Amino acid sequence: MEVVLAFVIGGLYAAGLFMMMRRSMVKVIMGLALLGYASNLLIFTVGRLTRGSSPLIPADAAQPAAPFADPLPQALILTAIVIGFGVQAFALVLFKRTYQSVGTDDLDSIRATEKS
Amino acid sequence: MVTAIMSGYALSLAAPAVHRVVRRWSGWIIALLPAGLFAYFLSLVGRVAGGEVIVASYEWFPSLGYNLTFYFDGLSLLFALIVTGIGTLVIVYAGSYLAGDPWLGRFYAIVLIFMASMLGVVIADNLIALFVFWELTSISSYLLIGYKFDKAASRAAALQALLVTGGGGLALLAGLLLLGLISGSWEISALFGEAEAIQAHHLYLPALLLILAGAFTKSAQFPFHFWLPGAMEAPAPVSAYLHSATMVKAGVFLLARLSPALGGTDEWTALVTSAGAVTMFLGGFLAWKQTDLKRILAYSTVSTLGTLVLLLGIGSSIAVKGAAVLLLAHAMYKGSLFLMAGGLDHETGTRDITAMGGLARSMPVSMLAASLAALSMAGLPPLVGFISKEVLYEATLEDAVWPALITAVAVAGNVFVVAAAGLVAIKPFWGEWVETPKHPHEGPVGLWLGPVLLAGLGLFVGLAPGVVSHDLIAPAASAVLQKETTVKLALWHGINPMLVLSVITVGLGVAAYVWRERLGNRLNILDPGSRFGPARIYQEAVDGLPRFATAVTSVLQSGYLRLYLTTIVVVTVGLVGFTLASRVDAGGMWRTPDVRIYEILVAGMILAGALGVTLMRSRMASVAALGTVGYGIALLYVLFSAPDLAMTQFAIETLTVLLFVFVIYRLPKYATLTSRRDRVRDAVVALLAGAMMTTLVLIVTAEPLRSRLTPYFAENSLPLGKGRNIVNVILVDFRAFDTLGEITVLSVAAIGVYALMKLRLGQAGDEES
Amino acid sequence: MFQVPSLSDLNVAAALPAVVLALGACVFLVVDLFVPRERKHITAWLTAGGLSVSLVLALLSLTDVVTFGDGEEAFFGMYIADQFTDMVNVIVLVTSLLGVMVAYNYLDRTNMQRGEYYYLLLFTTAGVMFMGAAGDLVVVFVALELLSIPLYILTGFRRPQEQSEESAMKYFLLGAFSSAFLVYGLALVYGATGTSNLREIWQAVDSMVAGDTSAQFLLLTGAGLSLVGLGFKVAAVPFHMWTPDVYQGAPTSVVAYMSVAAKVGGFAALLRVLVAGMPNFMLDNGTSAAWMDVTWLLAAATMIVGNFIAIVQSDLKRLLAYSSIAHAGYILIGVAAAGVPRVADEATQAVLIYLMAYAFTNVGAFSVIIAVERDDASNTGLSSMRGLARTQPLLAAAMAVFMLSLTGIPLTAGFVGKWFVFKAAIAADLIPVAVIGVLTSVLSAYYYLRIVWMMYFEDGDGEAATPRPLAWAIGISAIGTLVFGFLPYLLSDMAREITLAFGG
């Protein structure tokens, strides 16, 4: 399955990057979101996939039964998801503010610092 | 020793104030300091001539073993006397020459800074201290050349001089650094004993080249000679002091100082001798072609500097003595001539020798000084210049490699110098009276005191060379040669090859003077530099730099965010792709996937969602597609045993979609903003990056992971963390620090959101009120 | 390896300076709610107080007067409290203190005086401190976000003003993008070594089989991508493009602070990841770390591009932006030199010394711009420097000191920094890069000295205002620049015992 996920990750990166190169700010933010998914999935896959055995310790045991999914990358991803959400929310609000003052969604139209 | 230097800096701070108080006599007052220092150094003559080296050391950088040490030997003494002696005369002179100038106070200050720094150069023992003082002289020179800062030519010349000498200075720094690393010592005096080890080291040549670059730029050696004539934009006292007597000799000083450690090798001899020879000849020739009084003197100075470097390149005992004599002689005659030239400029309003003539009657004292100095410059007896020329020929004739060639070059260079001396001393004063912009008459005492004194000194030393030979020249030569040396100087040695050469030189020189006009254009071939020489290269570089920089800017700094992104992606993909291609064998990557059909479906759903995001024309539809991707990933987490992630992902995804909808639901449809071609280009770049990531993942997953922590967490989760969900235990116990950080980040983001919202409200409020 | 986790075993005390600051930030956040808007100087003072306390603690720890906590590792090796951490803390705390001083009047007169400004500044500072102390890749990532997000907000602080919003937008988008790179890089490093803890990465690299090319490649790519992510933060070419736009658009007080703080954080993290985590990562039995080549290439490109483009700038803030890019290049030389094991400590110290010198000089230079800038953010062109020596002799003298220091003229702190960095480079046999460094320094004289020239030799209005805390900041920066220039051993003594090596 890692092979398939490798292509999913590649596809998400490609889509994310393509979106980030657009002129519309909304698209750029979506690109950012796609890149976030891709990187979470990357960590997940790098930590190897395990079907149907969560890193939970059964009630009657002191250790999980092997093989179990690697808990460490999961913990990392959890961190990344949460931070990613914070960034995403901030991005949207920042966009809204910019849109209100500039009146356009087009990144190319905000090049004020270049003109001077 | 350090007091001598510091007093210069101290007075420079006070100089503008002093000038404001005493105005008229400020030059005389301020000159008391260099005069006092001159007397002080003179008082050391006995000790130094007796072979003593005066050393002083101060802690500077104790932990790393750098100390501020000073080393005062015969070489330092000779230079220190020139620096303070000429300094005294120049300051007095400047008081009259620049009388009434609004910036005179500042002028004194900079000259004093220069003087102190130059003293620092000649008595520093520490390589770094030497460099620091060296650069300070460059900077003060920059400020002094640009003294008339309202003139564009002045500013350009100042910058040129700074770039050339400052750049050379940095090369010097690199060279000194290498030297320090090679020898393990930062004291020059400690280098002398290690000459063999240094010269055998594989970094010797780079170090030598860098140090020579520093010395050659400073001392205006070919091909860096062009800045010195440009520096003639400076007021006459500056030219006399910095650009003739002292600063430009710093390079010569450095060569002399380091020659015991670096000299004597084939590389040294070849590089130093040839640079000196070429400079000597070229300088003389160019001097002869000028009509501007100061430029003639400048180029003849270049020639002299070349001679000095040549002598140090030869490096024999007699050559070093010759260098010491020439140094002294040149300081006297050229200082005098520069000051005299300034006087002429001041009184007549021009510096063009074709625009003056017959001034001997109205300016007899200047005429006298100029004649004496020029005779010395031409190398005629009984002046000191004659003695120095005799020694020079003796040294070239004894050169170990190519005595004939070197001697021929020396004679040729000197022929032009003789002619140039004629141009300076005969043209303006004799012949027919030529009307000049100002009505000339002899200037105030400050203006002619310096030239007369220096020229007179040249005559005196020429007649009685014994006064300097033992006390000044011999100690200086001993310091360079690092062995006891005796020097005997005399005007008359009987008829010998040197005398014959001198006679030939003067004869040809007179001829060159007389037939200057007729010969001038035919000899242009000797100076290919005027058309495509170093000066031209410098000019092109200086002009080209801003043009080039603008071009680079427009390419790299377009202001378009997406082009920035594209650059980053392309660079990264390129680098990674290159390493990938060169390092990894792709064979083992591919293997038959072990997949279930529903997994394929989820993967397909994610990819379809991603594709949808890129293609949808409606904002809402693309947000929906984005949601599909997110939920698909959550499903993957479910399938592969990560229930916590799945729950978080579902929750967050829902919130994200809601946020998107909240922000964009009133926005119009996407406009088509980019051309088809741009989209295709971006798609190609994006797909390449995607392919790179896929390959990376395939490589990672080709082998099982050797996780180092997971077993630990699994074993200790329950006993230490008291929890059965290992992910949770990791987050709240083992990695509590990240989680704390994560919460902080989230709260900061929340503050950001809040701040942005609040600002908007505040602003709306402001508008209403 | 680990002990039973209880609060005392976390060894929180070892992280005291950072903890004090982070807690302070949280407390001020609450306190600020009760401070009325026209009395925000209370928040400013509180912030400065918090920073000072933390600075004193960090200094005590750096000079070994007091040792906090017990051992160097806190939070199970996630936080490393060694001399490196202490020095990073001192640098960034000094920067923040100056940052608060320069901001106070500026915010008042540009109508931006809000409490958020100060505690966001504190959060960023805490982020930098965590980066310097990171013992784990995840901490690097979290700290990077903690450092970045407040900066995104601060760059857009001046509203409604298009330039400020634009710069915030650009900075944010590119920043989020490059953080993504960092995450990929860290993920690959994890994939190659099976751990995210730096000490264990170091051990894993040691035991890595020489012929295992795919693991080597992954580690190399991981290191490379981390370099991209952090290269963005420190403004290294070709990840520098945001710098001029952001510096020009953002409020100058923010730029004064971020131009140094973000660099300190980025370089601290870079050193931790590369020099502490994988100094022993060598390919084909080489004698230097595998990441060294690409690092010095970046350094060379950064110095060249930064200095060249700076020449044609006509706006002071843009000019200093390119200058800051160029300086990132000089510091990168030090990072590259640390790739040679025997030079690693010397090079690490050189980088810190450079950063310390740069902190004083660069904050100082931007403070002078604040002094000449008008309330509507205009008058930041080069021409605003004309005639400054006549109207404001002290201000002009300070600016001259800063410019000389940025050029690297002896007897200024800038020279000391360059000296150590070049020396490390030569010791690491990176002579070509050192030569490029020297040559581009010459080039930089062209634009730095032009400013000095304009102040002293050209006529102009020379309008400027230096109210109290701003004047202090300029004075402190100038004195710092000169003191470190005249007494370089102050800096080298401070850094003398710093090492990043584990187990050494």
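We did not get these values from a lab; they are worked out from the coordinates using the rules stated. Values in this document were obtained by computation on a predicted structure and should not be read as measured data. Every residue, glycine as well, gets a Cβ built from its backbone with ideal geometry; the counts of neighbours run over all protein chains shown.
Given R₀ = 56 Å, FRET efficiency for B:VAL445-B:ASN496 by Cβ-Cβ distance, to 0.05?
The value I calculate is 0.85.
Within the stretch C:7-495, how many Lys pairs that are eight or more residues apart, or on different chains, come under 26 Å at the alpha-carbon?
Step by step, the pairs that qualify in the stretch C:7-495 add up to 11.
How about the stretch B:619-690: which chymotrypsin sites (Phe, Trp or Tyr not before Pro) there lie in a loop by DSSP and see at most 13 other Cβ atoms within 10 Å?
B:TYR665
Taking the Cα centre of the protein assembly as shown as origin, work out the dipole magnitude from +1 charges on Lys and Arg Cβ and -1 charges on Asp and Glu Cβ, in debye rounded to 20.
Values: 80 positive and 87 negative charges, 634 e Å.
Its charge dipole is roughly 3040 debye.
Distance between Cα centroids, the stretch B:114-172 to the stretch C:241-262: provide it in whole Å.
34
Considering the options B:ALA190, B:LEU254, B:LEU112, tell which one lies farthest towards the positive end of the dipole of chain B, charges being +1 on Lys and Arg and -1 on Asp and Glu at the Cβ, about the Cα centre.
Of B:ALA190, B:LEU254, B:LEU112, it is B:LEU112.
Once you sort the root eigenvalues of the Cα gyration tensor of the stretch C:306-365 as a ≥ b ≥ c, which label holds: rounded (a/c under 1.5), prolate (a/b larger than b/c) or oblate (the other case)? The partial results should precede the final answer.
Values: a/c = 5.84, a/b = 2.00, b/c = 2.92.
Oblate is the answer for the stretch C:306-365, as a/c is 1.5 or above yet b/c matches or exceeds a/b.
Work out the charge dipole of chain C with +1 on the Cβ of Lys and Arg and -1 on the Cβ of Asp and Glu about the Cα centre, then indicate which of C:ASN362, C:PHE267, C:LEU151 is farthest towards its positive end.
C:ASN362
Quick check of the Kirkwood formula: for the stretch B:594-671, what is the inverse mean of 1/r over all pairs of different Cα atoms, in Å?
Final number for the Kirkwood radius of the stretch B:594-671 is 13.2 Å.
Could you give each residue of the stretch B:337-348 its phi-based ³J(HN,Hα) in whole Hz, using Karplus coefficients 6.51, -1.76, 1.60 with θ = phi - 60°, and x for Gly or Pro?
5, 5, 5, 4, 4, x, x, 4, 4, 4, 8, 9
What aspartates and glutamates could a cross-link reach from B:LYS389, if we take a straight Cα to Cα line under 16 Å and drop same-chain neighbours fewer than 8 places away?
B:GLU398, B:ASP399
Assign unit charges at the C-beta atoms only (+1 for Lys and Arg, -1 for Asp and Glu), then state the dipole size of chain C relative to its Cα centre in Debye, rounded to the nearest 20.
Working: 23 positive and 35 negative charges, 216 e Å.
Dipole size: approximately 1040 debye.
P(r) for chain B: what percent of alpha-carbon pairs falls in each 10 Å bin, starting at zero?
2, 11, 18, 18, 10, 7, 9, 10, 9, 5, 1, 0
When a footprinting reagent is the concern and you count Cβ atoms within 10 Å, what order do B:THR656, C:THR302, A:THR98, B:THR579 take, fewest first?
B:THR579, B:THR656, A:THR98, C:THR302
How much space per residue, in cubic angstrom, does the convex hull of the C-alpha atoms of the protein assembly as shown take up?
Values: hull volume 252.0 nm³, N = 1389.
So the per-residue Cα hull volume is 181 Å³.
Can you tell me the length gained on complete extension of the stretch C:VAL30 to C:SER52, counting 0.36 nm per residue apart and subtracting the Cα distance?
5.9 nm
About its Cα centre, how strong a charge dipole does the stretch B:594-671 have in debye, to the nearest 20, once Lys and Arg get +1 and Asp and Glu get -1 at the Cβ?
Numbers: 5 positive and 4 negative charges, 109 e Å.
With Lys and Arg at +1 and Asp and Glu at -1, about 520 debye.
Taking only DSSP H segments of four or more residues, each worth -39500 (n - 2.57), what value at 222 nm results for the protein assembly as shown once the sum is divided by all its residues, to the nearest 500 deg cm²/dmol?
Helices in the protein assembly as shown give a 222 nm mean residue ellipticity of -24000 deg cm²/dmol.
DSSP loop chymotrypsin sites (Phe, Trp or Tyr not before Pro) in the stretch C:154-259 with at most 11 other Cβ atoms within 10 Å of their Cβ, which ones? Don't skip to the answer; put the middle values down first.
Details: sites: C:PHE157, C:TYR171, C:PHE172, C:PHE177, C:PHE181, C:TYR184, C:TYR190, C:TRP202, C:PHE217, C:PHE232, C:PHE239, C:TRP242, C:TYR247, C:TYR257; in loops: C:PHE157, C:PHE239.
Those that pass, being in a loop and sparsely packed, number zero.
Taking a cut-off of 20 Å between Cα atoms, list the lysines near B:LYS294, but don't count ones fewer than 8 places away on the same chain.
B:LYS148, B:LYS151, B:LYS218, B:LYS249, B:LYS334, B:LYS427, B:LYS438
Note down the relative contact order for the stretch C:299-445 as a percent, whole number, built from C-alpha pairs under 8 angstrom at least six residues apart.
Normalised by residue count, the contact order of the stretch C:299-445 is 32 percent.
Are there trypsin sites (Lys or Arg not before Pro) in the stretch B:414-504 that DSSP marks as loop and that have at most 10 other Cβ atoms within 10 Å, and which are they? Walk me through the intermediate numbers first.
Numbers: sites: B:LYS438, B:LYS483, B:LYS488; in loops: B:LYS438, B:LYS483, B:LYS488.
Sites meeting the loop and neighbour criteria: B:LYS483.
In the neighborhood of B:VAL663, defined by Cβ-to-Cβ distances under 12 Å, what is the net charge if each Lys or Arg adds +1 and each Asp or Glu adds -1? All intermediate terms of the calculation are to be shown ahead of the outcome.
On the way: positive: A:LYS96, A:ARG97, B:ARG619, B:ARG666; negative: A:ASP105.
Overall, the nearby charge balance is +3.
Using Cα centres only, tell me the gap between the stretch B:598-676 and the stretch C:421-453 in whole Å.
50
Lys and Arg at +1, Asp and Glu at -1: add these up for the other residues within a Cβ distance under 15 Å of B:ALA621 and post the number.
+4
In which sequence would B:ILE318, C:ILE325 go, from the one with the fewest C-beta neighbours within 10 Å to the one with the most?
On the way: B:ILE318 20, C:ILE325 26.
Ascending Cβ contact count within 10 Å gives the list B:ILE318, C:ILE325.
What is the order of B:ARG20, C:ARG109, C:ARG318, C:ARG114, fewest Cβ neighbours within 10 Å to most?
Listing B:ARG20, C:ARG109, C:ARG318, C:ARG114 from fewest to most nearby Cβ atoms yields B:ARG20, C:ARG109, C:ARG114, C:ARG318.
Alpha carbon centre of the stretch B:1-28 versus the stretch B:291-350: separation in Å?
When both Cα centres are located, 28 Å separates them.
Taking +1 at the Cβ of each Lys and Arg and -1 at the Cβ of each Asp and Glu, which of B:ALA671, B:ILE314, B:ALA683 sits farthest along the dipole of chain B towards its positive end, judged by Cα position relative to the Cα centre?
Toward the positive end, the furthest listed residue is B:ALA671.
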